[in-house]
Amino acid sequence: MKVDVSWRVTAGGRGLAVTGDGAPMAEFAFGLPAGERVSTLFDELDGLRHTEGAWEACLRHFPSDDGWSSVLSVDNRSPEEQPLPPLGVAVTLAPGVSGWAWTSDTDGFWVIAPASGPCLLMVMRRGFLRAARRTPVFAASVRRGDGLAAGVAAFHLADPEGALRGFGRHQTTLEFSVVAGLEDARGVLPGWLPEPVRAVGDPFVLDLPDQAIVPGPGLQVFTENTTCYLSGTPGHHEVAVHGVRGVQRLQLSVTPDLEPFLADVTTALKSTRPSAVPSATAALIACALARRSIHDPDAALDWLEREDWLARDDVFGPAIAAVVANETLDDALLGAACEAVVALPAQRGRGLVATRCWLAALRAGYPPPALSRVLATVDAADPVARLEAVVLSNGDSAIGEPIARQLVRRLGGSLPGAPMGLPEADAGLAVALLRLVPERWAVREAALAASEKASRLLLADHAAGLHPSYDGLAWMLLGEIGA
C-alpha cells in the first residue's frame, strides 16, 4: 500500500504542514533565536534566513525520492564562544494520528502513524535531538502549568546547555521518508542499546569496552570485565554513554513490583478524605482492595464507605460501589451500582465497568445488569469505545482488529521511547483493552507486547510520582476482569 505524503512550508518559513493522501498528518513549528534585534528573510528556494545579534540561523528543506530533509543551521558570527541559542521544533499531530519518538542527543527518530497504512519516519542524521521533556512518559491527564496539550511534543535541536565557538556552525539534519510501519524505525537504533524497561532487581546490561558509562542519580553500576550492570530504584533514570560521536543520554525505566507498589501508594492516598479525591483515585483503592494488594483492607473499606460514589454520576462510581457491595454483602448497593452503570451515557470505559458489575452480581447471586445492552450502545464515532464493545462481547474481529492495530501504533508497538502527547488516562485504557484482545486475532501478539511495555512505563511514571491523577492506573487495573 502506497501513500502520497506531501509537505508545504507555512508560518513564513518557520513551519511545515504534512499530509498523507491529502489528509492532515502533522505540523512542525521550528523555534529560532529570539530577541530584540531580529531580521527574517524567506525565499522559496533559499529557505528561511533569520538573524538575531551574533546569530544567523537558516532553515531549508530539500526534496528527495521518498521524502525530504529539513536542515536547521546556526552560525556564530562573532569571534567569541557563545552559549547556543534555543533551537527546537514542536510537533502537533492531526486528530486520529499518533506519534512515537526515541532520542539520545546524538541519535533519534520520530514515527508519525495514521490509523492505518504507511507511516512517516524521521531520522536525525546529523546534529542534536532531545525530547524537551522526557518524563513523565505519558502526558498528565490534567494539564498543568507549562504542560503540552494532548497530541503535541517538543524537541531540542541544539544542546540547551551547549556553546558554539567563534565563527562556528551547528547544524541538525532531519531526514523524512515513508515506511511501511512502526517497526521500520528499529533499524535506526544502536545495536548495543539495552532493553530500556526493566523490573526492579533486573539489571540493564551494557557491553561497551571503548566507551565510558556514567550513571545518573538513582542508578548503581557494577562492572565485570568490560560489561556494566546498572540497577536502580523504580522510576526513570538517565545514563550517559561517552564515545567518539559525543555523549548519548539514554533513559532507562525501572518498573516496581505491582502488588507492593499498590499497597504503598493506596496507603498514601487514603490519608486524604474521600470527598476530596477524584473518583479515579477511589477506583484505584477499590481495585487494590478487591485483589488484596493493600496493607489494611478494613481501613480501606471504611475509607471507601465514607463517600457516596454513585452520587457523583461518573463512570468510576459503579465500579467502586460494586467492590464495596461485595465486601459488605450489601445487595441494595450492588443493585444500585448495576442500575447506575446501565443508566450512564455511552462513553469509554463504561463496558469495562459494566462487566465488573456483572461479575460482582454473579458472585453475590444477584441479578446481573443488562451487559449486552451496555455493549450495544456505544459511541460509533469513537474507535476506542467500539473496540471495548467488541473485545468484551467476543465480537467481530473484522471490526476490532483494525482498531487494535491503531492502539498498538499509539503505544509505539515494541519500540523504545515515548509517545507524542498521549495522556496517561488514554494509555491506561489502551493497555486494558489490548490485554483483552482474543487469542484468535492476528494482532494478539503485537497487542500484548505493546500493552506490556506501556503498562511498565506507566507504572514507572507513577512510581516516580510524576502524575497528579490516577486515571490511567485505575483503567489498567479495572481492565483485569475478575481481579
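The values are calculated or read from the model by the stated rules, or taken from the named source; none is laboratory data. As the structure is a computational prediction, the values presented were derived from the model and not from experiment. All Cβ positions, even for glycine, are placed from backbone atoms using ideal geometry, and neighbour counts span all protein chains on display.
Out of the helices (runs of 4 or more DSSP H) lying entirely within region 419-483, which hold 1 or more residues that are basic (Lys, Arg)? Let's see the steps before the verdict.
Details: elements: 424-435, 444-463, 471-478.
Qualifying helices (runs of 4 or more DSSP H): 424-435, 444-463.
Test Ser253 against the stated conditions and say whether it is within 21 Å of the chain's Cα centre (by Cα) and of a type in the set (S, T, N, Q).
Values: within 21 Å of the chain's Cα centre (by Cα): yes; of a type in the set (S, T, N, Q): yes.
When the stated conditions are applied, Ser253 passes them.
What do you reckon, is Thr92 within 24 Å of Arg133 (Cα to Cα) and either part of a strand (DSSP E or B) or in the same structural domain as Ala150 (by TED's automatic domain parsing) (or both)?
Working: within 24 Å of Arg133 (Cα to Cα): yes; either part of a strand (DSSP E or B) or in the same structural domain as Ala150 (by TED's automatic domain parsing) (or both): yes.
Judged against the criteria, Thr92 is a match.
Can you tell me which residue is surrounded by the most Cβ atoms within 10 Å (Cβ to Cβ) among those in region 110-131 that are among the small types (Gly, Ala, Ser) and modelled with pLDDT of 95 or more?
Narrowing region 110-131 to residues among the small types (Gly, Ala, Ser): 113, 115-117, 127, 131.
With the extra rule that they be modelled with pLDDT of 95 or more, the set shrinks to 113, 127, 131.
Numbers: Ala113: 26, Gly127: 20, Ala131: 20.
Top of the filtered list is Ala113.
Quick check, is Leu206 in contact with a Cys (Cβ under 6 Å, 6 or more places away or on another chain) and among the aliphatic types (A, V, I, L, M)? Write out each step before concluding.
Values: in contact with a Cys (Cβ under 6 Å, 6 or more places away or on another chain): yes; among the aliphatic types (A, V, I, L, M): yes.
Yes: the conditions hold for Leu206.
So, of the residues in region 78-89 that are over 30 Å from Val384 (Cβ atoms) and assigned to a strand (DSSP E or B), which turns out to be nearest to the chain's Cα centre (by Cα)? Even if it seems obvious, please write down each step before you answer.
Pass one, region 78-89, residues over 30 Å from Val384 (Cβ atoms): 78-88.
When the remaining residues are screened for being assigned to a strand (DSSP E or B), the result is 82-83, 88.
On the way: Gln82: 36, Pro83: 32, Gly88: 21 Å.
Taking the candidates together, the pick is Gly88.
Just one of the numbered conditions (1) free of Cβ contacts under 8 Å to residues at least 60 places away in the same chain; (2) farther than 24 Å from Ile294 by Cα is not true of Met476; which one?
(2)
Please work out if Glu80 is within 22 Å of Ala11 (Cα to Cα) and of a type in the set (Asp, Glu). Let's see the steps before the verdict.
On the way: within 22 Å of Ala11 (Cα to Cα): no; of a type in the set (Asp, Glu): yes.
Criteria not met by Glu80.
Looking at region 205-263, what strands (runs of 3 or more DSSP E) fall wholly within it and have at least 1 residues that are out of contact with any His (no Cβ under 9 Å at 6 or more places or on another chain) and among the basic types (Lys, Arg)?
Details: elements: 212-215, 219-224, 227-232, 235-243, 246-255.
Result: 246-255.
Can you find a residue that is more than 21 Å from Ala101 (Cα to Cα) and either crowded, with 21+ Cβ neighbours inside 10 Å or at pLDDT 95 or above (or both) anywhere in region 404-424? Outline the logic, then answer.
Initially, region 404-424 is screened for residues more than 21 Å from Ala101 (Cα to Cα), giving none.
No.
Checking Cys287 against (1) in contact (Cβ under 8 Å) with a residue 60 or more places away in the chain; (2) surrounded by 19 or more Cβ atoms within 10 Å (Cβ to Cβ); (3) under 19 Å from Gly218 (Cα atoms), only one condition comes out false. Which one?
Status for Cys287: all satisfied but (3).
If only one of Ser39, Ser69, Ser73 is surrounded by fewer than 12 Cβ atoms within 10 Å (Cβ to Cβ) and at negative phi, which one is it?
Details: Ser69 fails: surrounded by fewer than 12 Cβ atoms within 10 Å (Cβ to Cβ); Ser73 fails: surrounded by fewer than 12 Cβ atoms within 10 Å (Cβ to Cβ).
Just a single option satisfies the conditions, and that option is Ser39.
Pick out the one residue from Ala364, Ala381, Ala343 that is at pLDDT 95 or above and in the same structural domain as Pro278 (by TED's automatic domain parsing). Explain how you work it out, then say what you get.
Details: Ala364 fails: at pLDDT 95 or above; Ala381 fails: at pLDDT 95 or above.
The match here is Ala343.
Given the residues Leu333, Leu359, which is the only one that is surrounded by fewer than 22 Cβ atoms within 10 Å (Cβ to Cβ), touching a residue at least 60 places away in the same chain (Cβ under 8 Å), over 28 Å from the mean Cα position of the chain (by Cα) and part of a helix (DSSP H, G or I)? Full working, then the answer.
On the way: Leu333 fails: touching a residue at least 60 places away in the same chain (Cβ under 8 Å).
Going through Leu333, Leu359 in turn, the sole match is Leu359.
Return the residues of region 362-390 that are among the hydroxyl-bearing types (Ser, Thr, Tyr) and part of a helix (DSSP H, G or I); say none if nothing qualifies.
Taking region 362-390 first, the residues among the hydroxyl-bearing types (Ser, Thr, Tyr) are 366, 372, 377.
Ser372 - this is the single residue of region 362-390 that is among the hydroxyl-bearing types (Ser, Thr, Tyr) and part of a helix (DSSP H, G or I).
Taking the condition of being touching a strand residue (DSSP E or B) at 6+ places or on another chain (Cβ under 6 Å) and either on the phi > 0 side of the Ramachandran plot or surrounded by 16 or more Cβ atoms within 10 Å (Cβ to Cβ) (or both), how many residues in region 214-228 meet it?
Qualifying residue count for the region: 6.
Tell me, yes or no, whether region 44-53 has at least one residue that is surrounded by fewer than 21 Cβ atoms within 10 Å (Cβ to Cβ), part of a loop (DSSP other than H, G, I, E, B), at positive phi and free of Cβ contacts under 8 Å to residues at least 40 places away in the same chain.
Within region 44-53, the subset surrounded by fewer than 21 Cβ atoms within 10 Å (Cβ to Cβ) is 44-47, 49, 51-53.
Retained after the next criterion (residues that are part of a loop (DSSP other than H, G, I, E, B)): 44-46, 53.
Within this subset, residues satisfying the condition of being at positive phi are 53.
Then drop every residue that is not free of Cβ contacts under 8 Å to residues at least 40 places away in the same chain, which leaves 53.
Scanning region 44-53 turns up at least one residue that is surrounded by fewer than 21 Cβ atoms within 10 Å (Cβ to Cβ), part of a loop (DSSP other than H, G, I, E, B), at positive phi and free of Cβ contacts under 8 Å to residues at least 40 places away in the same chain.
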